[in-house]
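K.L.:
My structure is below; once you've seen it, I'll send some questions.
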Protein chains: 2
Amino acid sequence: MNPKLEIFSQGEEIVTGQTVDTNASWLSQQAVQLGFTVVRHTAVGDKLEDLIQLLTDIAARADCCICTGGLGPTTDDLTAEAVAQAFRRPLKFDSIAFAQMQQFFANRNKTMPESNCKQAMLPQHAERIDNEWGTAPGFALQQGRCWFVFLPGVPSEMRSMFLEKIQPGINKRFSLKPGKLITLKTIGIGESDIQERIKSVIVPESVQLGFRADSDEVQVKLLFPSDYPEPFVVTLLSDMLAKLGAYVFTVDGYSSEVTGDLAFVVDELMRQAKHTLAVIETASQGLLAAKCIGSPWLLEARYVQRIEKLAEKLASPIAADDLTATAKAFAVATQKSSGADMVLVQIYAGNAEQFHSKEHVIQLFTVLLHGEHFETARHTLAGPAKRKQNQSALLALDLLRRYLQPVLMI
Amino acid sequence: MNPKLEIFSQGEEIVTGQTVDTNASWLSQQAVQLGFTVVRHTAVGDKLEDLIQLLTDIAARADCCICTGGLGPTTDDLTAEAVAQAFRRPLKFDSIAFAQMQQFFANRNKTMPESNCKQAMLPQHAERIDNEWGTAPGFALQQGRCWFVFLPGVPSEMRSMFLEKIQPGINKRFSLKPGKLITLKTIGIGESDIQERIKSVIVPESVQLGFRADSDEVQVKLLFPSDYPEPFVVTLLSDMLAKLGAYVFTVDGYSSEVTGDLAFVVDELMRQAKHTLAVIETASQGLLAAKCIGSPWLLEARYVQRIEKLAEKLASPIAADDLTATAKAFAVATQKSSGADMVLVQIYAGNAEQFHSKEHVIQLFTVLLHGEHFETARHTLAGPAKRKQNQSALLALDLLRRYLQPVLMI
């Protein structure tokens, strides 16, 4: 029997629906991978009695509870107070937490407001969880059968704290048999197309097959039981990869634990190949460069609204009725002026109105110049402007990825 | 006292984190607008005893409960069975529901699979809710103090059924007084600083004051009771605005229902003022331009990794030890070459390593050139590279916003 885990989210913004509780789903995924059975999510607002009741109930029925939110400096942040009352553990001043918060503000040349002092008050005998990513420290404590972990609600802080402060020691507290989760990350193909392509692959009943789509990628998830024979893992994975081909840009959980998103994969490949890149963006309007934050190989990026103006700046004429030829000429001009050995150029056919209307599609032309050679791609983009923007940034990055690493092998 | 409402979601895919429960947030927003107080969200998987326990608990503590999911044809869809057992209401065959499902399949030239018959079994004395958008009918029933509404988990079906079958009659069941939510959106100031600034403003007990921080903005939320006198709303809001000054970039829910984020507000202001803008980005690396997607006034944006290279391209020298002067010179050069009447330039002091390390801070210098005049700002940015990137994009946009609309008045 796996240990039972519950997720508890605190925040008026969650119960009133102003925030979608993505913390709960993220934490659940982590917990399932670690080998817990997640039995329940609960979200409550900032009513102290509700919090106390819920903590008391969970202490009696779960083996582990991860709580997020309610650790902030303001009067509606009541988690520590609720723990103190529910479990009769008066709040105590934690001088180390206090010093860390002061340092956080000092690093930003700011004085810590008085209200933050509240965040240094932790329930008696709770173990402090350092927050290197924000001000609110977390804490953990055993109450009855349940080990409670309290983390801030800000997703980036919560995730970092969970991954760096909670996950590494979790096996000391629980006897867990983690399943093996392998995730194939794809781009440029939809969920139903993926299902169609892999429908002839036989997935044994003990292996959980799932899909997850977001705006950046579609993931195929395979959860293997802990005792699943390695050769069968390899066979199933190879079959899947054969069906999905170059749409798969990375595999998480097989040879490496976690890779990252497409920008991460491209960053790794560009560093290995020691290339440099210059970018001309149109549809993505800066987002392509923005996704490459931290990449030393990106020398420059440029967005110019009107293609005529861009042609003028690059002293490169527009080829009539041939956007691929135009993009190629822009790439050559940019290669010279930037000194980068690779250039990505993106142009689209369609006016501003078509771009911004979710009823219309645009045709996107992407060209990659490497040395003296070109790779080209053409896509039809639909949906609201933000979706077109994001897709065009990703598809340009993907042209680069497909050149650097055409098909993934395991 | 508003009636208390709970949201209950059933589905293994939710508790395991494979699906983010957007139904809960959507329903909560609807409920709050109608005048309910939403007190809790709960999600459980497909364990019958968990479902029964939860239904029993909710029947004792809430006035209304909206349940989604678990109405499908498969064996793990257990909601109706759980209701039958929890409330001793045996399942009865509903011939109208059955006929509607048959019609649904007939309309699609398909035969109804046998497994779907299960969906026509409803708890005794439940009121059927017709589903014109899919196969699973919903149902509603009064149990103890609580009115339960059961809807399918497919978001599009659930939303249509709620809006067309539940919402229109809700005032006959509940005496509802919808509140008025006003949100002040700020940038460049933390939650605790805000609280410090407004602590002398007297907020009556009947007005709910809340805060919400994400990576883009910090919101101050005021929820007024429906009968709160308008002049007092104005007074409280004016007091808040006076304390928060130029940090507030927009107010939602007062004169206009919803505005948007900072980029939205800047877009409106730039369109009204008929300005055009060129941008030089460093720390934000394309993200500033990317946030302005859809803005016709943004003529061009440029990112160049090395400041020496940028100076060379602009034929504008670097002023020794004076990044503000350097940025001003870059702005003047860009104003000439772009034809834009306004230019935003951003430069930071600090090397790539400092930028990418979450342990280090960078100094950001932002300059806005409008006509022949300059606005300047200087900020210390901390945290991981993505945070520095996002903050530097927002702070540049905010310099523009502060010039166009220094202080918001109501």
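The values are calculated or read from the model by the stated rules, or taken from the named source; none is laboratory data. Nothing here was measured: the structure is a model prediction, and the numbers come from that model. Counting neighbours? That spans all protein chains shown, and the Cβs are built from the backbone with ideal geometry, glycine included. Only protein heavy atoms, including side chains, enter the accessible area calculation; ligands, DNA and RNA are left aside. Shrake-Rupley method; radii C 1.70, N 1.55, O 1.52, S 1.80 Å.
K.L.:
When the gyration tensor of chain B is built from Cα positions, what are the square roots of 5 times its three eigenvalues, in whole Å, from largest to smallest?
P.N.:
So the equivalent ellipsoid measures 54, 26, 19 Å along its semi-axes.
K.L.:
Okay, next question. I want to verify a result. In a Gaussian network model of chain A, Cα cutoff 10 Å, which of these has the top mean-square fluctuation: A:THR74, A:THR56, A:THR334?
P.N.:
A:THR74
K.L.:
For the modelled label position 7 Å from the Cα of B:ARG88 along Cα-to-Cβ, which residues of segment B:132-147 have backbone nitrogen atoms closer than 18 Å?
P.N.:
It comes to B:142-146, nothing else.
K.L.:
Counting only other chains, and only Cβ atoms inside 10 Å, what mean value do you get across the residues of A:232-242?
P.N.:
Partner Cβ neighbours, averaged per residue: 0.
K.L.:
Round to a whole angstrom and tell me the spacing of the C-alpha centers of segment B:142-186 and segment A:63-118.
P.N.:
Going from one Cα centre to the other spans 35 Å.
K.L.:
Taking each residue of B:291-304 in turn, how many C-beta atoms of other protein chains fall within 10 Å of its C-beta, and what is the average?
P.N.:
What the average comes to for B:291-304 is 6.
K.L.:
Taking 0.36 nm per intervening residue step and subtracting the Cα-Cα distance, what contour gain separates B:TYR403 from B:ASN109 on full extension?
P.N.:
99.6 nm
K.L.:
Please state the shape class of segment B:107-168: rounded when a/c is under 1.5, otherwise prolate if a/b exceeds b/c and oblate if not, all from the C-alpha gyration tensor.
P.N.:
Oblate, because a/c is 1.5 or more while a/b does not exceed b/c.
K.L.:
Check which residues have an amide H placed less than 5 Å from A:VAL38's amide H, if you skip close sequence neighbours.
P.N.:
Counting only residues 5 or more places away or on other chains, the set is A:LEU5.
K.L.:
Measuring label to label, 7 Å along Cα→Cβ, what does B:THR74 give against each other copy in nm, shortest first?
P.N.:
The answer, with the shortest distance listed first, is 4.1 nm.
K.L.:
I would also like to ask the following. Sum up the charges of everything whose Cβ sits under 10 Å from the Cβ of B:ASP216, counting Lys and Arg as +1 and Asp and Glu as -1, but leave B:ASP216 out.
P.N.:
Once all neighbours under 10 Å are counted, the net charge is -1.
K.L.:
How large are Rg and Dmax for the protein assembly as shown when only the alpha carbon atoms are used, in Å?
P.N.:
Reported Rg and Dmax, both Å: 28.2, 85.
K.L.:
Let me ask you something else. Once the piece of chain linking A:ALA315 and A:ALA273 is laid out straight, how much longer is it, given 0.36 nm per residue of separation minus the C-alpha distance between them?
P.N.:
Contour length minus Cα-Cα distance gives 12.1 nm.
K.L.:
Something else about it: Peptide B:212-224: average number of partner chain Cβ atoms within 10 Å per residue?
P.N.:
Average neighbour count from other chains, rounded to a whole number: 2.
K.L.:
Output, in nm with one decimal and in ascending order, the distances from the A:PRO168 label point to the matching label points of the other copies (7 Å from Cα along Cα-to-Cβ).
P.N.:
Here A:PRO168 shows inter-copy label distances of 6.0 nm.
K.L.:
List the distances, in nm to one decimal, from the label point of B:ASN351 to the label points of the same position in every other copy, shortest first, placing each label point 7 Å from Cα along the Cα-to-Cβ direction.
P.N.:
The answer, with the shortest distance listed first, is 5.1 nm.
K.L.:
Continuing with the same structure: How high is the FRET efficiency from B:ASN171 to A:GLU353, r the C-beta distance, R0 45 Å, rounded to 0.05?
P.N.:
Approximately 0.60, to the nearest 0.05.
K.L.:
With angles folded into 0 to 90 degrees, how steeply does helix A:22-34 sit against the dominant principal axis of chain A? Use alpha carbons for both and round to 10.
P.N.:
Helix A:22-34 sits at roughly 80 degrees to that axis.
K.L.:
Mind putting together the pair-distance distribution for segment A:11-68? All Cα pairs, 5 Å bins, whole percent per bin, short to long.
P.N.:
With 5 Å bins starting at 0, P(r) equals 4, 17, 26, 24, 20, 9, 1.
K.L.:
Starting from the Cα gyration tensor of segment A:134-245, take the square roots of the eigenvalues, sort them a ≥ b ≥ c, and report rounded, prolate or oblate (rounded when a/c is under 1.5, otherwise prolate if a/b is larger than b/c, else oblate).
P.N.:
The shape class here is oblate.
K.L.:
Scale the Cα Rg of segment B:214-266 by the rule-of-thumb value 2.2 N^0.38 Å and send over the ratio, two decimals.
P.N.:
The value comes to 1.21.
K.L.:
Further question: Against the globular-protein guess of 2.2 N^0.38 Å, express the Cα radius of gyration of segment B:182-298 as a ratio, rounded to two decimals.
P.N.:
With N residues counted in segment B:182-298, Rg over 2.2 N^0.38 Å equals 1.22.
K.L.:
Shifting gears a bit: When only alpha-carbon atoms count, how far does segment B:240-346 stretch along each of its three principal axes, as whole angstroms with the largest first?
P.N.:
Largest first, segment B:240-346 extends 49, 31, 21 Å along its Cα principal axes.
K.L.:
Quote the relative contact order of chain B in percent (integer), defining contacts as alpha-carbon pairs under 8 Å separated by 6+ residues.
P.N.:
11 percent
K.L.:
Quick one: what are the phi-derived ³J(HN,Hα) couplings along segment B:329-341, Karplus 6.51/-1.76/1.60 with θ = phi - 60°, whole Hz, x for glycine and proline?
P.N.:
Ordered by residue, 3J(HN,Hα) equals 5, 4, 5, 5, 4, 6, 4, 5, 6, 8, x, 7, 7 Hz.
K.L.:
Computed FRET efficiency, Cβ-Cβ of B:THR22 and A:ILE410, R0 35 Å: what is it to the nearest 0.05?
P.N.:
The formula returns an efficiency of 0.55 here.
K.L.:
Mind giving me the FRET efficiency for A:THR235 and A:LYS199? R0 is 22 Å, r the Cβ-Cβ distance, nearest 0.05 is fine.
P.N.:
Once rounded, the FRET efficiency stands at 0.80.
K.L.:
Using Cα centres only, tell me the gap between segment B:317-351 and segment A:330-383 in whole Å.
P.N.:
Between the Cα centres of segment B:317-351 and segment A:330-383 lies a distance of 28 Å.
K.L.:
Give the Kirkwood hydrodynamic radius (Å, one decimal) of segment A:357-399, defined as one over the mean of 1/r across all pairs of different Cα atoms.
P.N.:
Averaging 1/r across every pair of different Cα atoms and inverting gives 11.0 Å.
K.L.:
Regarding segment A:329-405, what are the three Cα extents along the principal axes, ordered largest first, in Å?
P.N.:
The principal-axis extents, from largest down, are 39, 26, 16 Å.
K.L.:
Do the alpha carbons of any pairs in A:LYS172/A:LYS221; B:LYS199/B:LYS388; A:LYS291/B:LYS274; A:LYS291/A:LYS358; A:LYS4/A:LYS177 sit beyond 21 Å of each other, and which pairs?
P.N.:
Exceeds cut-off: A:LYS172/A:LYS221; B:LYS199/B:LYS388; A:LYS291/B:LYS274; A:LYS291/A:LYS358.
K.L.:
Let me ask you something else. To the nearest 10 square angstrom, what accessible area does B:ARG108 show with a 1.4 Å probe?
P.N.:
120 Å²
K.L.:
Per residue of segment A:368-375, in order, report the coupling 6.51 cos²θ - 1.76 cosθ + 1.60 (Karplus, θ = phi - 60°) as ³J(HN,Hα) in whole Hz, putting x for Gly and Pro.
P.N.:
Along segment A:368-375, the couplings run 10, 9, 10, x, 10, 10, 10, 10 Hz.
K.L.:
Which value, in Å to one decimal place, does the Kirkwood hydrodynamic radius take for segment A:43-103 when every pair of different Cα atoms is included?
P.N.:
Result for segment A:43-103 stands at 12.8 Å.
K.L.:
For segment B:79-143, what class follows from the C-alpha gyration tensor (a ≥ b ≥ c being the square roots of its eigenvalues): rounded when a/c is under 1.5, otherwise prolate if a/b is larger than b/c, else oblate?
P.N.:
Because a/c hits 1.5 or more and a/b exceeds b/c, segment B:79-143 counts as prolate.
K.L.:
Now for a different question. Could you work out how far helix A:385-404 tilts from the main Cα principal axis of chain A, as a 0 to 90 degree angle to the nearest 10?
P.N.:
70 degrees
K.L.:
At 7 Å along Cα-to-Cβ for each site, give me the label-to-label distance between B:SER226 and B:ALA325 in nm.
P.N.:
6.5 nm
K.L.:
Which whole-number percentage describes the relative contact order of segment A:349-404, with Cα contacts under 8 Å and a sequence gap of 6 or more?
P.N.:
It rounds to 32 percent for segment A:349-404.
K.L.:
Place a +1 charge on the Cβ of each Lys and Arg in segment B:1-127 and a -1 charge on the Cβ of each Asp and Glu, then give the dipole magnitude about the Cα centre in debye, rounded to the nearest 20.
P.N.:
Here the size comes out at about 340 debye.
K.L.:
Compute the distance in nm between two label points, each set 7 Å from the Cα along the Cα-to-Cβ direction, one at A:ARG159 and one at B:ILE96.
P.N.:
Roughly 4.8 nm, to one decimal.
K.L.:
Next question, about the same structure. Compute the acute angle (0 to 90°) between the alpha-carbon long axis of helix B:95-107 and the principal axis of greatest extent of the alpha-carbon atoms of chain B; round to the nearest 10°.
P.N.:
50 degrees
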